[in-house]
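The values are calculated or read from the model by the stated rules, or taken from the named source; none is laboratory data. In this text the structure is predicted, and so the values were computed from the model without any measurement. Glycine gets a Cβ as well: all are built from the backbone with ideal geometry, and neighbour counts include every protein chain shown. Protein only, heavy atoms only, side chains kept; ligands, DNA and RNA dropped before computing areas. Shrake-Rupley method; radii C 1.70, N 1.55, O 1.52, S 1.80 Å.
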Amino acid sequence: MLKKTALNEEHRRLGARLVDFAGWEMPLQYASQLEEHHAVRTAAGMFDVAHMAVVDLHGARTLEFLRELLANDAARLTLPGKAPAVNGTPAGKALYSCMLNEAGGVIDDLIVYFLAADRYRLVVNAGTTEKDLAWLRRHAARFGVEIRPRTDLGILAVQGPQARARVAPLLPEELASAASALKPFSAAWDERRFVARTGYTGEDGYELILPHASLVEFWTALLAAGVRPCGLGARDTLRLEAGMNLYGQDMDESVTPLECGLAWTVAFEPAERNFIGRAALEAQRSAPPRRQIGLVLESRGVLRAHMPVRAQGALAGEITSGGFAPTMKTSIALARVRADAAAPYEVEIRGQWQPAREVKPPFVRHGKILV
């Protein structure tokens, strides 16, 4: 039986097309995927992402634990001035990172939030939750860290140029003031609400972590404020335009961050920090065997995952994520190719090789086409 979020009946009431996503019954789209996509690029849209897992970490050595566990350096969250209160409301920085196995492969990509010196919060992918928890528990005992899955909490994402303005009146005054002062990749919270200025669309906005009992009430208030419900379909086209990886497609345990465009998330300094997977990444650092590129199709058709890619007439790799980009009105893709591959590129579509132009992602950010 598929798992359901607290908003499942709301999705049905709004006529959503529901699908199986990582074992959860989730909305693919409501009336129009294209309209949902454009609503986020031009105004504000909201996503039920309550299937994603919130995990709180407690213990005096939690930071030490995270510095070993993650490829990015969680010490960046606690540098002077990086975790202040905002107008008396607790606030902290966020950090995006990959969690790696010993071979440097990506177990998951996640966000870690600083809550206090002995408390941090992770948000991990729905499809990897059980695997992630097992990995966390395997390594936490040495550091005396307690792993607390927050099954009482769910997440709403509100994204778009008007998103923050639509959310502010729905928050208590002090939290609204603190949230409005947040810089990107930071969060503020009170006893019942956690508001992070993060997202997965290439637009500004918030991700709100709330008790499951509050999700429907907040969703209904956002709907009344003119925020458009959006499904997984629009979420995928938005993240692809923003050049953001999807776990299980663009990376997995057989792919290192250096091979999937995430080298920027690896903190090699300080050199003495021995995070899991470091030795494997050091061996790849000067010459990764594969790299990620962006492609824009120069003919008619739609690029899809697993389509072969060739460079200068020789097979070079394959598309990992592809589709029609509504903002650009053309087809785009992320592809993984040999490190020595070079233009011109072609993609095989229905037995025919079609030309594609190499670009550097993101394709679209804050509503602007960048390639």
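Among the residues of the range 343-360, which ones are touching a strand residue (DSSP E or B) at 6+ places or on another chain (Cβ under 8 Å) and open to solvent by 40 Å² or more (accessible area, probe 1.4 Å)?
A343, P344, E346, E348, W353, Q354, P355, R357, E358, K360
Considering P161, P169, which residue is open to solvent by 50 Å² or more (accessible area, probe 1.4 Å) and either among the charged types (D, E, K, R) or assigned to a loop (DSSP other than H, G, I, E, B) (or both)? First the steps, then the outcome.
On the way: P169 fails: either among the charged types (D, E, K, R) or assigned to a loop (DSSP other than H, G, I, E, B) (or both).
Of the residues listed, the single one that is open to solvent by 50 Å² or more (accessible area, probe 1.4 Å) and either among the charged types (D, E, K, R) or assigned to a loop (DSSP other than H, G, I, E, B) (or both) is P161.
For the structure I just gave you, tell me whether F218 is under 19 Å from the mean Cα position of the chain (by Cα) and either at pLDDT 95 or above or not hydroxyl-bearing (S, T, Y) (or both).
Numbers: under 19 Å from the mean Cα position of the chain (by Cα): no; either at pLDDT 95 or above or not hydroxyl-bearing (S, T, Y) (or both): yes.
In short, no.
Return yes when T151 is under 26 Å from L223 (Cβ atoms), among the polar types (S, T, N, Q), in a loop (DSSP other than H, G, I, E, B) and open to solvent by 50 Å² or more (accessible area, probe 1.4 Å) and no when it is not.
Spelling it out, T151 is indeed under 26 Å from L223 (Cβ atoms), among the polar types (S, T, N, Q), in a loop (DSSP other than H, G, I, E, B) and open to solvent by 50 Å² or more (accessible area, probe 1.4 Å).
Go through the range 120-132 and give me each residue that's part of a helix (DSSP H, G or I) and either within 16 Å of I276 (Cβ to Cβ) or among the polar types (S, T, N, Q) (or both).
T128, T129, K131, D132
Please pick out the residue among A176, A221, A213 that is in contact (Cβ under 8 Å) with a residue 60 or more places away in the chain, more than 18 Å from L334 (Cβ to Cβ) and of a type in the set (G, A, S).
A213
Just to check your reading of the model, which residue among S286, S254, S299 is free of Cβ contacts under 8 Å to residues at least 12 places away in the same chain and assigned to a loop (DSSP other than H, G, I, E, B)? Quick ask: steps written out before the conclusion?
Working: S254 fails: free of Cβ contacts under 8 Å to residues at least 12 places away in the same chain; S299 fails: free of Cβ contacts under 8 Å to residues at least 12 places away in the same chain.
None of the others qualify; the one that does is S286.
List the number of the failed condition for E298; all other conditions in (1) farther than 25 Å from R235 by Cβ; (2) surrounded by 19 or more Cβ atoms within 10 Å (Cβ to Cβ); (3) out of contact with any helix residue (DSSP H, G or I) (no Cβ under 8 Å at 6 or more places or on another chain) hold.
So the condition that E298 fails would be (2).
Within the range 313-332, can one find any residue that is open to solvent by 20 Å² or more (accessible area, probe 1.4 Å), among the basic types (K, R) and within 28 Å of V40 (Cα to Cα)?
Yes.
Consider the range 10-48. How many of its residues are among the charged types (D, E, K, R), touching a residue at least 40 places away in the same chain (Cβ under 8 Å) and part of a helix (DSSP H, G or I)?
Qualifying residue count for the region: 4.
Give G45, G59 a once-over and let me know the one that is modelled with pLDDT of 95 or more, of a type outside the set (A, V, I, L, M) and open to solvent by 10 Å² or more (accessible area, probe 1.4 Å).
G59
Exactly one condition in (1) open to solvent by 40 Å² or more (accessible area, probe 1.4 Å); (2) modelled with pLDDT of 95 or more is not met by G277; state its number.
Just one mismatch for G277, condition (1).
Of the residues A305, A339, which single one is surrounded by fewer than 21 Cβ atoms within 10 Å (Cβ to Cβ) and more than 26 Å from L232 (Cβ to Cβ)?
A339
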